[in-house]
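Structure first, then comments.
The values are calculated or read from the model by the stated rules, or taken from the named source; none is laboratory data. Only a predicted model underlies this, so the values are computations on that prediction, with no experimental measurement involved. Because the Cβ atoms are built from the backbone with ideal geometry, glycine has one as well, and the counts that use them run over all protein chains shown.
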Amino acid sequence: MWAGVSDRSRIIDLLRDRLERRTGLAVETRPSALAHFAGGEGMPYSCLADAAVSPTSTEEVSAAVTAAAALGVPVTCHGAGSSLEGQVVPVYGGLVIDTSKMGRVLRVSQEALDCTVQAGVRRKDLNARLRDTGLFFPVDPGADATIGGMVSTRASGTNAIRYGTMKENVLGLTVVLPDGAVVRTGSRARKSAVGYDLTALFVGAEGTLGIVTDVTLKLSPRPSFSLSGFCQFDHLDEALAVVSQALLQGLEPSRIELLDRVQTAACARLCGLDDLREAAMIMYEFAGEGDDVRRRADGFSALCLEEAGARTHGFDTPETHARYWGARERCYEAALSLAPGKKNMGTDACVPLDRLAECILKTREMIDNSGLIAPLVGHVGDGNFHLGILFDPGDAAETARAERLCAEVAGLAITMGGACSGEHGIGLHKRHLMRRQHGDALALMRAIKSAIDPASIMNPGKILPPVNAG
């Protein structure tokens, strides 16, 4: 704890006085308003902050952090609140910096294929702004997250196999450090051999090293032509064999998603997709030039027939495409619909492609043995898959089973040479796995955190486990 209750109240009064009098930033302290910032999605954690501010610029973020640092007040950044591993929970109270009002697109260059945005810009709003330029921002984590949040969790999504993750699509950042200083990392250049890669350091740091305020992003031309559709399989292993062969044969899908039978049925019911049966499904998309796209899509259809006797069904209109891919985007919501009143402990893992089928089939066995409802969906083109583990947070035994399943799947991925998270990050929920994942390199991470944030006020309690716990 950073201060006792009586001292904390006095310190927050001082913080409010400094910010409101010197900067004009309104400081919110009403519990009813602070409840909005108490936690993210899914996790059984929530903590009430002592105060919150909603800046509109880097300068205002800097002023808020400077004042908090001078008083030793912990700082947690909050964007859309869609993170799944407890990243935005203000574990020690303190000050929440809400970036939702930092929603300006600052610059777009069609010629350079890049843009600069404030951290609070939502990804769907950015693509709406880009619609008439022929460009788009391809990283699609499903949730309508903020760009700053996507940077902080190193997000990716369905397009990662073709366009990469946030790591590959961020050119530069403006970051407010734990003492309130402002630094700019990277540049608009596509290559650099100049010193340490500080941009990469902050991408995925989950707000533990500083607060991202502006982001310079790569943009991509919208494909001139695409074909997409789905194929259903009687057995999960057949679907996985098709994915493996599609990659080996160089068919280069721009999206290839696997839904197990539970997830398929949930999406079909939620979105009224009556032509889907309760069976494993691959959704695919091929994009590029017309003849090449047709060749690759035909190759994929032939592969499904040869490997599993399964026929593909193409989406013949934009409306059909949007309807089915919209259902895929609603997997989280669809999972929740299977057990109304329960929460979704969303978790993910990522493994080398040569272990993907083995890992997913073993994971499916773990789910069956757990007795829990846990639909599985995967960005299988890059070895990443997700579970939506449904649990009742009021049922201690069921919550423990959900936690155990989550830990077992993460441990399996690490054992197979993979990562306990490919997209969601670590936050609070997976800190206990960091020693197992990184070994002695964990000490180097602690040294970096200590060098940049010696007072440990920046999103404390996240990523790094307590020292005595590894």
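Of the residues making up the stretch 103-112, none is within 21 Å of the chain's Cα centre (by Cα) and either within 16 Å of residue 422 (Cβ to Cβ) or buried (at least 19 other Cβ atoms within 10 Å of the Cβ) (or both). Tell me which residues, restricted to the stretch 330-350, are of a type outside the set (D, E, K, R) and over 17 Å from the mean Cα position of the chain (by Cα). Answer for the stretch 330-350, where residues must be of a type outside the set (D, E, K, R) and over 17 Å from the mean Cα position of the chain (by Cα): 334, 335, 336, 337, 338, 339, 340, 341. Only one of the numbered conditions (1) among the hydrophobic types (A, V, I, L, M, F, W, C); (2) within 30 Å of residue 345 (Cβ to Cβ); (3) out of contact with any strand residue (DSSP E or B) (no Cβ under 9 Å at 6 or more places or on another chain) is violated by residue 331, and that is (3). Against the list (1) over 25 Å from residue 343 (Cβ atoms); (2) assigned to a helix (DSSP H, G or I); (3) modelled with pLDDT of 95 or more, the condition residue 409 fails is (1).
Against the condition farther than 19 Å from residue 142 by Cα, within 27 Å of the chain's Cα centre (by Cα) and part of a helix (DSSP H, G or I), how does residue 246 come out, does it pass? So residue 246 passes the test. When you scan the stretch 355-378, do you find a residue that is in a helix (DSSP H, G or I) and modelled with pLDDT under 95, even just one? There is no residue in the stretch 355-378 that is in a helix (DSSP H, G or I) and modelled with pLDDT under 95. Among the residues making up the stretch 267-311, those that are crowded, with 20+ Cβ neighbours inside 10 Å and part of a strand (DSSP E or B) are 280, 281, 282, 283, 284, 285, 286, 287. Based on what the data block shows, is residue 387 in contact with a helix residue (DSSP H, G or I) (Cβ under 8 Å, 6 or more places away or on another chain), closer than 15 Å to residue 407 by Cα and not assigned by TED's automatic domain parsing to the domain that holds residue 265? Yes. Among the candidates 440, 368, 453, which residue alone is of a type in the set (Asp, Glu), touching a residue at least 60 places away in the same chain (Cβ under 8 Å) and surrounded by fewer than 23 Cβ atoms within 10 Å (Cβ to Cβ)? Sole residue among the options that is of a type in the set (Asp, Glu), touching a residue at least 60 places away in the same chain (Cβ under 8 Å) and surrounded by fewer than 23 Cβ atoms within 10 Å (Cβ to Cβ): 453.
The sole residue among 10, 107 that is charged (D, E, K, R) and either in a helix (DSSP H, G or I) or in contact (Cβ under 8 Å) with a residue 60 or more places away in the chain (or both) is 10.
So in the stretch 53-80, with the set limited to residues that are closer than 13 Å to residue 207 by Cβ and touching a Gly at 6+ places or on another chain (Cβ under 8 Å), which one is surrounded by the fewest Cβ atoms within 10 Å (Cβ to Cβ)? My answer is 74.
Residue-by-condition table, conditions (1) assigned by TED's automatic domain parsing to the domain that holds residue 182; (2) assigned to a loop (DSSP other than H, G, I, E, B); (3) of a type in the set (Asp, Glu); (4) farther than 20 Å from residue 175 by Cβ:
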| site | (1), (2), (3), (4) |
| --- | --- |
| 413 | no, no, no, yes |
| 442 | no, no, no, yes |
| 445 | no, no, no, no |
| 462 | no, yes, no, no |
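Restricting the stretch 113-142 to residues that are of a type in the set (A, V, I, L, M) and not in a loop (DSSP other than H, G, I, E, B) leaves a set whose member that is surrounded by the most Cβ atoms within 10 Å (Cβ to Cβ) is 117.
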